[in-house]
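See structure below.
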Amino acid sequence: MSTGPIPERVDHRKLANQAGLIEGTLPIQCFHRFGEMLVVSEGDVYLRLEFSKGDFGSTSVNGSAATEVCLICQNCMQQFRRQVSCDVALQVVSDESKLERLSEVDDAIVAPDKVISVAELVEDELILAMPMIPRHEEGQCLETDYEQQEIVLQEVQKVQEAQTTYRPFADLAKTIDKQNT
Ligand SMILES: [Zn+2]
């Protein structure tokens, strides 16, 4: 496995003709939109991309991207690191008129120029692979989660003390409403 740096821009037509493979790393700074989502945009993205000739003069790009990012846990507001990885399967076409002819299952990028940015090929997929709400893995979060559970438990106990019969958890809100009126 090669982990050396790869060029920021490549000639996708030439690579497709050669059935070329690019494998290695690009700095996260090359991924502008993705980098903006991170606390620290340092580190590398590891890429492995195979190029081949697609239908109607397009270039097929298949492979994967992976990196480790620094995020803020929305539970405890502490920084944590996590792996983000994605698969890449797309077609590069020279103009929009070719899009209609491609199969709908493939993602496509329109690039009039034969030299394209490698980061742009995978950036959308990397962004989609990011967690919607960054949080520590269960059991690794040191803060509020645990405290919140304690409060809920106390509420349940209060309700149980007030009632002689046990109420299922789902009825808790209803039960509290009744007590307040
Ligand atoms: Zn946390």
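Restricting attention to the stretch 73-94, the residues being more than 9 Å from the ligand (Cβ to nearest atom) and either assigned to a loop (DSSP other than H, G, I, E, B) or of a type in the set (A, V, I, L, M) (or both) number 7.
Checking each residue in the stretch 134-146 for being of a type in the set (D, E, K, R) and surrounded by 12 or more Cβ atoms within 10 Å (Cβ to Cβ) picks out 135, 143, 145.
So is residue 55 modelled with pLDDT under 95 and either over 18 Å from the mean Cα position of the chain (by Cα) or within 19 Å of residue 85 (Cβ to Cβ) (or both) or not? Criteria met by residue 55. Considering only the stretch 142-153, I want to know if a residue exists there that is in a helix (DSSP H, G or I) and either touching a Cys at 6+ places or on another chain (Cβ under 8 Å) or at pLDDT 85 or above (or both). Scanning the stretch 142-153, I find at least one residue that is in a helix (DSSP H, G or I) and either touching a Cys at 6+ places or on another chain (Cβ under 8 Å) or at pLDDT 85 or above (or both), so the answer is yes.
If you go through the stretch 100-133 and keep only what is without any contact (Cβ under 8 Å) to a residue 60 or more places away in the chain, of a type in the set (A, V, I, L, M, F, W, C) and surrounded by fewer than 16 Cβ atoms within 10 Å (Cβ to Cβ), you end up with 105, 110, 128, 132, 133. Under 30 Å from residue 27 (Cα atoms), more than 16 Å from the ligand (Cβ to nearest atom), of a type in the set (Ser, Thr, Tyr) and at pLDDT 55 or above: does that describe residue 103? The answer is no for residue 103.
Residues of the stretch 1-56 that are part of a strand (DSSP E or B), touching a residue at least 60 places away in the same chain (Cβ under 8 Å) and within 15 Å of residue 123 (Cα to Cα): 9, 26, 45, 47, 49.
The values are calculated or read from the model by the stated rules, or taken from the named source; none is laboratory data. If you're wondering where the values come from, they're calculated on a predicted model, not measured in any experiment. Neighbour counts run over all protein chains shown; Cβ positions are idealised from the backbone, glycine included.
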